[in-house]
1. Please list, ordered by first then second residue, the pairs with beta carbon atoms under 7 Å, 6 or more apart or interchain, first in the stretch 312-329 and within 18 Å of residue 50 (Cα to Cα), second at pLDDT 95 or above and part of a loop (DSSP other than H, G, I, E, B).
2. Among the residues of the stretch 119-146, write down those that are surrounded by fewer than 17 Cβ atoms within 10 Å (Cβ to Cβ), more than 29 Å from residue 174 (Cβ to Cβ) and touching a residue at least 12 places away in the same chain (Cβ under 8 Å).
3. Which residue, of 164, 196, 200, is in a helix (DSSP H, G or I), surrounded by 16 or more Cβ atoms within 10 Å (Cβ to Cβ), in contact with a helix residue (DSSP H, G or I) (Cβ under 9 Å, 6 or more places away or on another chain) and modelled with pLDDT under 95?
4. I'm trying to understand the selection: among the residues of the stretch 203-229, which are buried (at least 24 other Cβ atoms within 10 Å of the Cβ) and in a helix (DSSP H, G or I)?
5. I'd like to check something: does the stretch 8-26 contain any residue that is surrounded by 13 or more Cβ atoms within 10 Å (Cβ to Cβ), more than 20 Å from the chain's Cα centre (by Cα) and modelled with pLDDT of 95 or more?
6. Within the stretch 266-289, is even one residue farther than 28 Å from residue 127 by Cα and assigned to a helix (DSSP H, G or I)?
7. What is the one condition in (1) outside any loop (DSSP other than H, G, I, E, B); (2) in contact with a helix residue (DSSP H, G or I) (Cβ under 7 Å, 6 or more places away or on another chain); (3) surrounded by fewer than 20 Cβ atoms within 10 Å (Cβ to Cβ) that residue 232 does not satisfy?
8. Of everything in the stretch 176-191 that's outside any loop (DSSP other than H, G, I, E, B) and under 12 Å from residue 70 (Cβ atoms), which residue is nearest to the chain's Cα centre (by Cα)?
């Protein structure tokens, strides 16, 4: 679309968003990658899921020659008004503190990203604090969402603008030469917002998708589930549009990450998802712009109960199953390193003739 050729985050409209269409990955390039894997000196499908995942990357970029040396994690940081309802152990001050740590490259995801040669791009899309944070990109829509128990978290216009921030971030990163991106987030209360969005989008009861987040006790979990269930009924979110769901009970970070997923589809940039919050954003993105999920790569299976249902809805199967629950994009960064290891074999291309062995054949 023409509107994507300019910075759009503050002037994008819902009508333009609804008009977005994506062309699917290049099937010829995907098949060529799989054929190349078969020619490497190893058993057929010896690298398992990594053969299909790298083939997916080849299809996304439209080239069997895969280079993902330039990587970045886009970390959407925002506060959530629902924290007023005591659904979290921590207060909103923690969001700003961790964002400061990200800006200084000291947070967990920053250290992990540095170890695998990836850049971190923290974005203030809605931290409840005035003034800039050093090292954090200022794309603030508002200072946190509203308390959705009392009123909708965002207006639909704010929601669309947050989605557009994510689309614009992918466009900017692609222009800077990044070849693969990951999703990250920071925002106290965002397992509540993601559970609410997931429940509404998938038509689930709150109890089926809502977990303890950063460590709620039994009373806190009961309260969290009750707040979510009441809000879904209050705003009549069963069968509601994704925009209305995000606006009613979502978060600026989730909407921004939905935009990152859509941006990956629009600009043909592979997007590695992190955990439950990224997956929730991905489902919203797929519902908004069908076909988006073909450009998304899973990383890990987190501990939140929504994950299983989200995986099924997105038809994604995460590779890492280690009980991760740190967030920030840390699981996606781990996936970066695994993809690099797989591609060291793919791009090294030791063939059967190199080792003077007959090539394995496919029989199905």
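The values are calculated or read from the model by the stated rules, or taken from the named source; none is laboratory data. Note that the structure is a prediction, hence the values are computed from the model and not measured. Methodologically, a virtual Cβ is constructed for each residue, glycine included, from the backbone with ideal geometry; neighbour enumeration extends over all protein chains shown.
1. Here the result reads 316/298; 317/298; 318/298; 318/299; 319/298; 319/299; 320/299, each pair linking the stretch 312-329 to a residue that is at pLDDT 95 or above and part of a loop (DSSP other than H, G, I, E, B).
2. Hits for the stretch 119-146 are 130, 143.
3. Residue meeting the stated conditions: 164.
4. 209, 224, 228
5. yes
6. No, every residue in the stretch 266-289 fails to be farther than 28 Å from residue 127 by Cα and assigned to a helix (DSSP H, G or I).
7. Only one criterion is unmet by residue 232, namely (3).
8. 181
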